[in-house]
1. For a label point 7 angstrom out from the Cα of Ile122 toward its Cβ, which stretches of segment 93-112 have the backbone nitrogen within less than 16 Å?
2. Can you bin segment 81-130 into rounded, prolate or oblate? Criterion: square roots of the alpha carbon gyration tensor eigenvalues sorted a ≥ b ≥ c, rounded for a/c under 1.5, prolate for a/b above b/c, oblate for the rest.
3. Report the label-to-label distance for Ala71 and Lys230 in nanometres (one decimal), using points 7 Å from each Cα along the Cα→Cβ vector.
4. Can you work out the accessible area per residue across the chain, with the rest of the protein chains kept in place, probe 1.4 Å, in square angstrom?
5. Considering all projection directions equally, how large on average is the shadow of the alpha-carbon convex hull of segment 63-173, in square nanometres?
6. Restricting to DSSP H runs of at least four residues, report the calculated mean residue ellipticity at 222 nm for the chain, -39500 (n - 2.57) per run over all residues, nearest 500 deg cm²/dmol.
7. Under 1.5 on a/c is rounded, so check that first for segment 57-97, then, if it is not, pick prolate when a/b is larger than b/c and oblate when it is not; a ≥ b ≥ c are the square roots of the alpha carbon gyration tensor eigenvalues.
8. Under a 10 Å cutoff between Cα atoms, tell me which one of Gly219, Gly232, Gly33 has the largest fluctuation in the Gaussian network model of the chain.
Amino acid sequence: MRSPRLAFSFVPAFALLAVLVALPAAAGDPPPGFTSLFNGKDLAGWKIPAGDGGHWKVVDGAIDYDAQSEATGGKDLWSEKEYGDFVLRLEWRIKETPYVNPNVPIIRFDGTHKKGPDGKEIKLAVPDSDSGVFLRGAAKAQVNIWCWPTGSGEVYGYRMDEKMPSAVRAGVTPKANADKDVGEWNAFEITMKGDRLTVVLNGTTVLENAELPGVPAKGKVALQHHGQKKDGVWTGPPSLVQFRSIAIRELK
């Protein structure tokens with residue numbers, strides 16, 4: 001009687017390599033040349049708002065926020081370090097959109113809002129959540145995350161500043177809506193050189209060499225708080241967001 005043989009499956013080396021390449025990097029492992037700003041475990045390297053109450057936290061390897069910080073001052077989550085010129089990469093996703101925003105405009109490519117025959121701005125009702133990334137310590141220099149038809153990546157503070165030249169306002173208006181569906185992960189690559197900003201969202205360049213006049217030369221990065229509740233009901237679009245894979249490469 002023959003002895004039973006053990007069955008072995010042979011996996012070619014090239015197939016094994018393909019599997020390894022497809023696996024995501026471990027939490028906190030930055031791309032070559034980048035420094036991680038988030039280790040996937042805790043908020044080390046970030047300044048949690050005083051009195052936050054645990055609303056900025058880490059869940060399943062991502063920075064998670066429920067838009068209900070109990071801080072009495074600023075509620076945004078700021079990096080401890082300051083940065084000048086840099087390339088910042090991060091992934092983000094909107095978890096849900098429980099608030100319907102009744103005041104969303106139709107934004108033209110020059111940054112202005114479309115109007116109706118009565119001369120008033122046309123407003124849309126859109127299920128919406130709202131957050132963003134503050135650059136160089138300036139809330140005005142914010143790369144937006146939201147559900148507006150114009151798409152994420154715009155710089156609202158500059159686009160809405162009527163004192164800014166028309167070329168500046170047009171420059172900070174997204175060239176395309178490159179957002180994925182609500183609940184899916186998106187990838188930003190944000191480049192700051194001097195007062196110029198380029199934003200790539202999911203492989204699409206939505207802002208290219210946009211001018212930010214007066215932007216500070218150096219400052220911290222922040223993840224934005226937005227929205228609040230009154231009597232248990234949202235009064236504006238909340239920042240129900242998550243962030244992960246945050247890494248930066250400083251430019252000389």
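1. 103-112
2. The shape class here is oblate.
3. Distance between the two pseudo-spin positions: 2.3 nm.
4. Counting only protein heavy atoms, the per-residue value for the chain is 54 Å².
5. 9.0 nm²
6. After summing the helix terms and dividing by residue count, I get -2000 deg cm²/dmol.
7. oblate
8. Gly232
The values are calculated or read from the model by the stated rules, or taken from the named source; none is laboratory data. Treat the numbers as computed from the prediction; the structure is a model and nothing was measured. Cβ sites come from the backbone with ideal geometry, for glycine too, and all protein chains shown count toward neighbours. Only protein heavy atoms, including side chains, enter the accessible area calculation; ligands, DNA and RNA are left aside. Shrake-Rupley method; radii C 1.70, N 1.55, O 1.52, S 1.80 Å.
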